[in-house]
1. If you go through region 190-197 one residue at a time, do you hit one that is farther than 19 Å from residue 25 by Cα and at pLDDT below 95?
2. Checking the structure you have, find out if any residue of region 21-32 is in contact with a strand residue (DSSP E or B) (Cβ under 8 Å, 6 or more places away or on another chain), surrounded by 20 or more Cβ atoms within 10 Å (Cβ to Cβ) and either in a helix (DSSP H, G or I) or at pLDDT 95 or above (or both).
3. Please tell me if residue 145 is closer than 18 Å to residue 113 by Cβ and either in a helix (DSSP H, G or I) or in contact with a helix residue (DSSP H, G or I) (Cβ under 9 Å, 6 or more places away or on another chain) (or both).
4. Please specify each residue of region 106-128 satisfying the condition of being crowded, with 17+ Cβ neighbours inside 10 Å and in a loop (DSSP other than H, G, I, E, B).
5. Residues in region 45-71 that are out of contact with any strand residue (DSSP E or B) (no Cβ under 9 Å at 6 or more places or on another chain) and either part of a loop (DSSP other than H, G, I, E, B) or touching a residue at least 60 places away in the same chain (Cβ under 8 Å) (or both): how many?
6. Could you check how many residues of region 72-89 are free of Cβ contacts under 8 Å to residues at least 40 places away in the same chain, touching a helix residue (DSSP H, G or I) at 6+ places or on another chain (Cβ under 8 Å) and not in a helix (DSSP H, G or I)?
């Protein structure tokens, strides 16, 4: 992998490429460290990975896949294991160090802008639970469009339904939640054509509303990012739920849409 073909604005230290400047981001400082302790045993992160691998297999980029804001490299590692050439771009140094521990090979510690990537050079870009952290989400999508080659692909996951807003969104640095329709409209406004869209986590909207949204509205759930609590929630699974995740994967493999869920998953092409 020759990162110099995409940018010459980086300095390599200890196996990680660093930008020369650092822009603040809307994400809690401990976010990557906490996620790193949860991801490997989390039904949520595992199922999202399985869905993403299937989608990227169905709509593969014509070259390197850039995982923008890819945290601890959990997705990058899965996509790499599936045979895709990956570059992780993550502004948080803790996330980059954790990704290196996971043996992700190509890591850039920077925001998309700070990385100094050349415009019109990226074959594919993934932003997985990243767009909602930008107040100017249209600006981010337009910027990604500028970096992509013609017919380059963008892969997106975002949290679904503003109705489900809770203190977790506030503490996580979110600015938005979306529907397939609202995200598709934003993509069209920023120069993309949607190729595939679906919801995932079909059974989660009701428990999210009952156990996160309502308590947040009545002044409870004041420490939503408690690590022990979140670790326990992410381990919650049973054979019935596993069957539902298998059903969702079957839908994605068949290029069909799941009508509702806790997250939106969209693939779009630069036009």
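The values are calculated or read from the model by the stated rules, or taken from the named source; none is laboratory data. Just so you know, these numbers come straight off a predicted model, no measurement behind them. No Cβ is skipped: glycine too gets one built from the backbone with ideal geometry, and neighbour counts run over all protein chains shown.
1. Scanning region 190-197 turns up no residue that is farther than 19 Å from residue 25 by Cα and at pLDDT below 95.
2. no
3. In short, yes.
4. Listed by number, the residues that qualify are 106, 110, 111, 112, 114, 115, 117.
5. So the count comes out to 3.
6. 5
Yes/no per residue for (1) in contact with a strand residue (DSSP E or B) (Cβ under 8 Å, 6 or more places away or on another chain); (2) over 26 Å from residue 262 (Cα atoms); (3) surrounded by 24 or more Cβ atoms within 10 Å (Cβ to Cβ):
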position: 74; (1), (2), (3): no, no, yes
position: 83; (1), (2), (3): no, yes, no
position: 86; (1), (2), (3): yes, yes, yes
position: 89; (1), (2), (3): yes, no, yes
position: 93; (1), (2), (3): yes, yes, no
position: 96; (1), (2), (3): yes, yes, yes
position: 131; (1), (2), (3): yes, no, yes
